[in-house]
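The structure appears below as structure tokens.
The values are calculated or read from the model by the stated rules, or taken from the named source; none is laboratory data. The model shown is predicted, which means the values in this text are computed figures rather than measured ones. All Cβ positions, glycine included, derive from the backbone under ideal geometry; neighbour counts span all protein chains shown.
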């Protein structure tokens, strides 16, 4: 991408400066051996990531970020299901072990089958909660390292690549998604996909099949982690390819098109073979979801002020600013990842102006602006006020497949391209503070362009300019520092001791369990009980996205009859609203009879009630009247042989 050779500086020029010489420091860093520098910088990334979730440690099986519920509990379940299902001969893309009796199309959810397979040894030895934690921790250093190696390949600058990797792997986007969205936070592959596409479309230096196969494997891997991230990555890649073609149309030769085709068809063939069944299952398999999960008017879009207003995810931010920033994207801090900070924005503008003759700097800046506009969604929102002014995503977001992208998540690529701009600027500053050649944005592997046979000269940055750049860089680091460690919760309160003890084997294999708290929506603690007991039994309810009876989608379990039973359990689990009702059915003789009918109809073998759950006393009394007295073990009231009990007069 940026091909430049170090230009020696004469002794006179090298010695005329006194005091600070930032360019000289950058040159010394770039002179360090690539392997040695990479080892040090990766270790720095790893050390930084260890602060994210303290006191939880990477692979901790006893804690989850946020709470032992919601998305973290759901995604831990998904990670464990994949290897368990394959080991026991079940389809890893579909399950009836929750949301009984209809089941869930996991390919249409955030299953992450590739990550489930990669962490199978951890899951089988320490549990899928440990797998979730180790992957969420690895997301930071692996993403940063991936960007580091890609940017170093493009810029040949140690220091530039290190800064770019830091801006990508520890961006506000990753810090926000690191609150529990593993499928969106684990993003080491997008930079590698961009690298492979650059080799196929621009450099074309080696055999086309080599990078074609690599591109195909990367696309397959990313799909099996997050189809949404893959769609965004390919959309941005198309934007970049269009810019390439429009900027140098004369260099689009027949030979170059043939080379690109020879690389693209193996990638497409590999993707078709390996992804044919998962894609079919997602789009047309049982309980597949048709149309967008979220309407295009959903609140998950960036605010125009998002890059400038911090949220509570930043360590150093005034309260008046975070009170506004936290209200972006429907007050969901995990989706407010567009923050860059004013210092980084100013630094990027300075880099773009200072090195505007480098077309790659201009293109990366342009792509950063493009993804920022896409992240704003279909209409412009300013300080949480929707202006109804239409934006490009209003048309783009209605296209098939793209209609499931939440606009705010384009912030990932905003961080990557700004990191690339900074890396390119540092590469210029470290090698060419006295002589800056024009770096042509070209579709061929030609040598850097010259005008009249001479390089374009530019004076080196003066001391005060270096000072300003250094101050902006320091301010950018401070403004982006995350508020770590993020809160984590012990599993103990959510998982009664019964399920971690040998007594749990009393629940018959493959039987159906009705739980309180009722597994509905983000109160999915019972899914952790099931995971810890190694999927020995099926679960009524659960937390997943499924089609509903009206042609839309829902995150609530199927409505089993008599529906009053689930209305009663869901109300006392979730509170008013949400799942079904504003007021619960009365705990009277009719409800007791309906509980017995419910248990008999669906052949529920076991009812398990967590006695420590709030408002459990009223639920306990109804079950006692319907099924008789329970057995109490390690914090759980247990009704074994529930179906038989329900058939007996008086429970």
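In the set 256, 250, which member is outside the structural domain of residue 545 (by TED's automatic domain parsing), in contact (Cβ under 8 Å) with a residue 12 or more places away in the chain and in a helix (DSSP H, G or I)?
Matching residue, one of 256, 250: 256.
So is residue 255 closer than 26 Å to residue 416 by Cβ, exposed (fewer than 15 other Cβ atoms within 10 Å of the Cβ) and modelled with pLDDT under 90 or not?
no
Select from the stretch 603-636 the residues that are surrounded by fewer than 18 Cβ atoms within 10 Å (Cβ to Cβ), in a loop (DSSP other than H, G, I, E, B) and either without any contact (Cβ under 8 Å) to a residue 40 or more places away in the chain or in contact with a helix residue (DSSP H, G or I) (Cβ under 9 Å, 6 or more places away or on another chain) (or both) and list them in ascending order.
603, 611, 614, 615, 628, 629, 634, 635
A quick yes/no check of all residues on (1) assigned to a helix (DSSP H, G or I); (2) within 22 Å of the chain's Cα centre (by Cα); (3) in contact (Cβ under 8 Å) with a residue 60 or more places away in the chain:
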residue: 24; (1), (2), (3): yes, no, no
residue: 46; (1), (2), (3): yes, yes, yes
residue: 60; (1), (2), (3): no, yes, yes
residue: 97; (1), (2), (3): no, no, yes
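How many residues does the stretch 28-59 contain that are touching a helix residue (DSSP H, G or I) at 6+ places or on another chain (Cβ under 9 Å), closer than 30 Å to residue 520 by Cα and surrounded by fewer than 21 Cβ atoms within 10 Å (Cβ to Cβ)?
Counting residues in the stretch 28-59 that are touching a helix residue (DSSP H, G or I) at 6+ places or on another chain (Cβ under 9 Å), closer than 30 Å to residue 520 by Cα and surrounded by fewer than 21 Cβ atoms within 10 Å (Cβ to Cβ) gives 3.
Only one of (1) in contact (Cβ under 8 Å) with a residue 60 or more places away in the chain; (2) part of a helix (DSSP H, G or I); (3) under 24 Å from residue 493 (Cα atoms) fails for residue 599. Which number is that?
Among (1) in contact (Cβ under 8 Å) with a residue 60 or more places away in the chain; (2) part of a helix (DSSP H, G or I); (3) under 24 Å from residue 493 (Cα atoms), the lone unmet condition for residue 599 is (3).
With buried (at least 17 other Cβ atoms within 10 Å of the Cβ), in contact (Cβ under 8 Å) with a residue 12 or more places away in the chain and outside any helix (DSSP H, G or I) as the only criterion, which of 225, 236, 264 stands out?
Sole residue among the options that is buried (at least 17 other Cβ atoms within 10 Å of the Cβ), in contact (Cβ under 8 Å) with a residue 12 or more places away in the chain and outside any helix (DSSP H, G or I): 225.
Can you tell me which condition residue 519 does not meet? The list is (1) farther than 15 Å from residue 100 by Cα; (2) in contact (Cβ under 8 Å) with a residue 60 or more places away in the chain; (3) in contact with a helix residue (DSSP H, G or I) (Cβ under 6 Å, 6 or more places away or on another chain), and all the others hold.
Of everything listed in (1) farther than 15 Å from residue 100 by Cα; (2) in contact (Cβ under 8 Å) with a residue 60 or more places away in the chain; (3) in contact with a helix residue (DSSP H, G or I) (Cβ under 6 Å, 6 or more places away or on another chain), residue 519 misses just condition (1).
Do we find that residue 299 is free of Cβ contacts under 8 Å to residues at least 60 places away in the same chain, crowded, with 16+ Cβ neighbours inside 10 Å and touching a helix residue (DSSP H, G or I) at 6+ places or on another chain (Cβ under 6 Å) in this structure?
When the stated conditions are applied, residue 299 passes them.
So, restricting to helices (runs of 4 or more DSSP H) that lie completely within the stretch 123-210, which ones have at least 2 residues that are in contact with a strand residue (DSSP E or B) (Cβ under 7 Å, 6 or more places away or on another chain), assigned by TED's automatic domain parsing to the domain that holds residue 65 and on the phi > 0 side of the Ramachandran plot?
Per the criteria, no element qualifies.
Is it the case that residue 179 is within 13 Å of the chain's Cα centre (by Cα), in contact (Cβ under 8 Å) with a residue 60 or more places away in the chain and surrounded by fewer than 24 Cβ atoms within 10 Å (Cβ to Cβ)?
yes
Please work out which one of (1) at pLDDT below 90; (2) assigned to a helix (DSSP H, G or I) is the condition residue 651 fails and give its number.
Here residue 651 clears every test but (2).
Yes/no per residue for (1) at pLDDT below 70; (2) crowded, with 16+ Cβ neighbours inside 10 Å; (3) farther than 30 Å from residue 301 by Cα:
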site: 391; (1), (2), (3): no, yes, no
site: 413; (1), (2), (3): no, yes, no
site: 417; (1), (2), (3): no, yes, no
site: 421; (1), (2), (3): no, yes, no
site: 443; (1), (2), (3): yes, yes, yes
site: 457; (1), (2), (3): yes, no, yes
site: 465; (1), (2), (3): no, no, yes
site: 472; (1), (2), (3): no, yes, no
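Got a number for residues in the stretch 463-480 being in contact (Cβ under 8 Å) with a residue 40 or more places away in the chain and farther than 19 Å from residue 160 by Cα?
So the answer is 2.
Can you find a residue in the stretch 295-314 that is closer than 25 Å to residue 366 by Cβ and touching a strand residue (DSSP E or B) at 6+ places or on another chain (Cβ under 6 Å)?
Yes.
When residues of the stretch 559-586 are filtered for being surrounded by 20 or more Cβ atoms within 10 Å (Cβ to Cβ) and within 17 Å of residue 603 (Cα to Cα), how many remain?
Residues flagged as surrounded by 20 or more Cβ atoms within 10 Å (Cβ to Cβ) and within 17 Å of residue 603 (Cα to Cα) within the stretch 559-586 amount to 2.
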